[in-house]
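All remarks here apply to the structure that follows.
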Amino acid sequence: MTQRPNPTPKLQELIDREPDLVDRIFEYLLSEFPQIAGVKLEATKNAVREEFRGEEVYIAARPASAKHQLAQDVLALFNGRNAREVARRLNISRATVYRLIKQPGER
């Protein structure tokens, strides 16, 4: 039985690292679209990493349209004295209710 050679430190680092954003995105894509699994998957991941390396990215939890809709919902429900009820109904904090009410241009 032959023994495998020890991996180089750089290779071991790649083996040990936690999945990065690219890995997580590709895992999601594969779970949603299993037909894209193929031989060039690792090469494609590496190309994506090469293209976007060094970029710092913020991915918002909600798209802008959802934030705008939430603001409209808050304004439609808020009567000046029911911030707690509005927050509970929309599953947001009272602070979020007040922050959305104070935003200019939403009324």
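Report the residue count in the stretch 35-86 for those that are surrounded by 10 or more Cβ atoms within 10 Å (Cβ to Cβ), at pLDDT 85 or above and part of a loop (DSSP other than H, G, I, E, B).
Residues in the stretch 35-86 being surrounded by 10 or more Cβ atoms within 10 Å (Cβ to Cβ), at pLDDT 85 or above and part of a loop (DSSP other than H, G, I, E, B): 2 in total.
Quick one: in the stretch 87-107, which of the residues that are part of a helix (DSSP H, G or I) and among the basic types (Lys, Arg) is surrounded by the fewest Cβ atoms within 10 Å (Cβ to Cβ)?
For the stretch 87-107, the residue satisfying everything is Lys102.
Give me the pairs: first residue in the stretch 72-86 and of a type in the set (Ser, Thr, Tyr), second residue exposed (fewer than 13 other Cβ atoms within 10 Å of the Cβ), beta-carbon distance under 9 Å, and six or more apart or on different chains, which are they?
none
The values are calculated or read from the model by the stated rules, or taken from the named source; none is laboratory data. This one's a predicted model, so the numbers in the text were calculated from it and none came from an experiment. With ideal geometry, Cβ positions are generated from the backbone for all residues, glycine too; neighbour counts draw on all protein chains shown.
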